[in-house]
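These notes are about the structure you will find just below.
Since every read-out is calculated from the coordinates, none of them should be taken as a lab result. Being a predicted model, the structure only gives us computed values, none of them experimental. A quick note on method: Cβ atoms are made from the backbone with ideal geometry, for glycine too, and the neighbour counts reach across all protein chains shown.
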Amino acid sequence: MNCHQANDLIHSYLDEDLTEHEQSELKQHLCQCVDCRTHFHGLRQVIVFLQSASHVYAPENFTEKVMAQLPKDTFVQFWKKRMHRHPLLVAASLFVLLMAGSTYSLWADDKQFLLTTPRPEHLQINSDQNTVVVPADQTVAGDIVVRNGDIKIEGTVEGNVVAIDGHIFLASTGHITGEKEEISQVVEWVWYNLKQTVMNLTH
Amino acid sequence: MVSIEEKLIKRIKKGDRDAFPELVELYKDKIYHVAYRMLGNAQEAEDIAQETFIRVYANLENYDPSYKFSTWIYRIATNLCIDHLRKRKQSVYSLDKPVEGAEGLDWHDRLADPDLGPEDRVLEGEFHGQVQEAIDSLSPKYRSIMILRYLEDLSLSEISDALKLPVTTIKTRIHRGREALKKKLNL
């Protein structure tokens with residue numbers, strides 16, 4: 001073995017990478033070669049020296065300073081984290097929001113004056129002022145629904161009267177055999193529609 | 001067996017605001033130590049160490065849990081240090097050329113660095129800062145490996161993962177690093 005080879009083995013030895021066979025070969029060479037022995041000793045000293053390095057600690061308040069520099073939670077990140085923690089809750093609340101949103105837009109779209117009645121010819125309809133009148137001598141059989149307008153009952157309605165975003169004026173001569181309802185809240189409108197749907201389903 | 005780091009990272013991702021400071025506490029000395037040994041002064045070390053944790057926080061989504069967390073954070077710290085050293089030494093002459101006959105040293109090392117003071121309060125009791133002086137004499141790519149191997153006790157495969165270099169390259173650089181330091185220290 002020449003000294004160059006020995007040097008390679010020395011480094012492998014310091015890496016704890018030598019087989020037993022290679023170790024004994026190296027030992028043999030080192031016994032006979034002063035230069036390599038000195039070199040080996042010197043390299044070992046380098047390691048000892050490095051490992052004698054003093055322990056270094058981060059300065060005080062290091063963690064605080066790091067935290068102070070972190071990007072603040074943006075709205076998007078806030079929701080992302082919320083999503084991770086309560087996926088069902090967030091999904092449910094989003095669903096409700098969307099439904100409410102579409103409900104509102106449906107409701108808000110209908111700013112038109114609308115009248116639902118089985119016998120419009122019995123009624124006085126003033127579309128300029130968005131009013132409907134059930135004249136005193138008239139009897140209307142069936143439900144009347146007025147939307148975005150008012151209804152004045154001077155006659156008789158054999159059914160329900162519903163005003164959505166409007167008022168029902170019942171005159172002294174007026175009479176409603178069914179129910180009289182004024183709806184001006186979105187929720188009530190939704191509830192009203194639900195009721196209607198259920199009633200229609202069960203009839 | 002789930003590591004502490006994995007548990008902390010899970011908590012961080014869920015939005016637990018106390019989890020990230022715990023992670024910083026766990027690694028702050030190690031990272032500051034590496035930065036200090038790479039850069040040679042306390043102020044820059046603190047800046048780079050802080051930057052390391054900020055990067056970790058910003059990139060948690062990209063962290064690949066099949067690697068050890070320590071590997072990842074050491075990589076970030078080492079790269080930041082090397083970039084910083086490159087910026088620091090920008091000059092008209094190319095100082096990256098290796099010095100003939102002195103493996104592991106380049107012209108940066110041969111010229112005195114005015115930024116580095118001979119003593120630093122951080123190194124009280126360490127042969128008057130001789131270890132730091134010796135480490136400073138190595139070029140960054142050898143310096144980082146010697147620091148990770150002998151000051152942070154990483155294994156060769158851990159260093160290989162951290163620096164994304166093959167183990168054979170790591171071994172070669174350690175050998176050359178040891179030779180260079182032996183010369184520098186007259187051992």
Discussion item. Only counting other Cβ atoms within 10 Å, I'd like B:44, A:121 sorted with the fewest neighbours first.
Written reply: A:121, B:44
Fill in: Footprinting exposure proxy for A:14, B:138, A:201 (fewest neighbouring C-beta atoms within 10 Å first)
A:201, A:14, B:138
Worksheet item: Any idea what angle helix A:20-32 forms with the longest principal axis of chain A, computed on alpha-carbon atoms, 0 to 90 degrees, nearest 10?
Response: 40
Item to complete: Return one number: the angle in degrees, 0 to 90 and rounded to the nearest 10, between the long axis of the Cα atoms of helix A:87-109 and the longest principal axis of the Cα atoms of chain A.
Response: 30
Discussion item. Let me check against my output: what whole-number percent is the relative contact order of the stretch A:114-202, with C-alpha pairs under 8 Å and at least 6 apart?
Written reply: 21
Worksheet entry | chain A: antiparallel DSSP beta bridges as a percent of all, rounded to 5 | 25
Discussion item. Strictly under 4.7 angstrom between C-beta atoms: which cysteines of chain A have no such partner?
Written reply: A:3, A:31
Worksheet item: For the stretch A:161-203 and the stretch B:3-66, what is the separation of their Cα centres, given in Å?
Response: 64
Worksheet entry | Cross-link reach list, lysines versus residue B:182, counting only Cα pairs under 30 Å and skipping chain neighbours closer than eight places | A:27, B:30, B:87, B:89, B:97, B:141, B:164, B:171
Worksheet item: What angle do you read, to the nearest 10 degrees and between 0 and 90, between the alpha-carbon axis of helix A:75-85 and the longest principal axis of chain A?
Response: 80
Worksheet item: Per q in 0.09, 0.12 1/Å, what log10 I(q)/I(0) does a Debye calculation on the alpha-carbon atoms of chain A return?
Response: -0.65, -0.80
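Could I get the Rg over Rh figure for the stretch A:3-51? Both from C-alpha atoms, Rh via Kirkwood, rounded to two places.
0.96
Ranking A:95, A:40, B:53 by Cβ neighbours within 10 Å, fewest first, what do you get?
A:95, A:40, B:53
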Discussion item. For Cα pairs less than 8 Å apart in space and 6+ apart in sequence, what is the mean separation divided by the residue count of chain A, i.e. the relative contact order in percent?
Written reply: 10
Worksheet item: By a straight-distance test (C-alpha under 29 Å), which lysines pair with residue A:195 as possible cross-link partners, with residues fewer than eight away in the same chain excluded?
Response: A:111, A:152, A:180
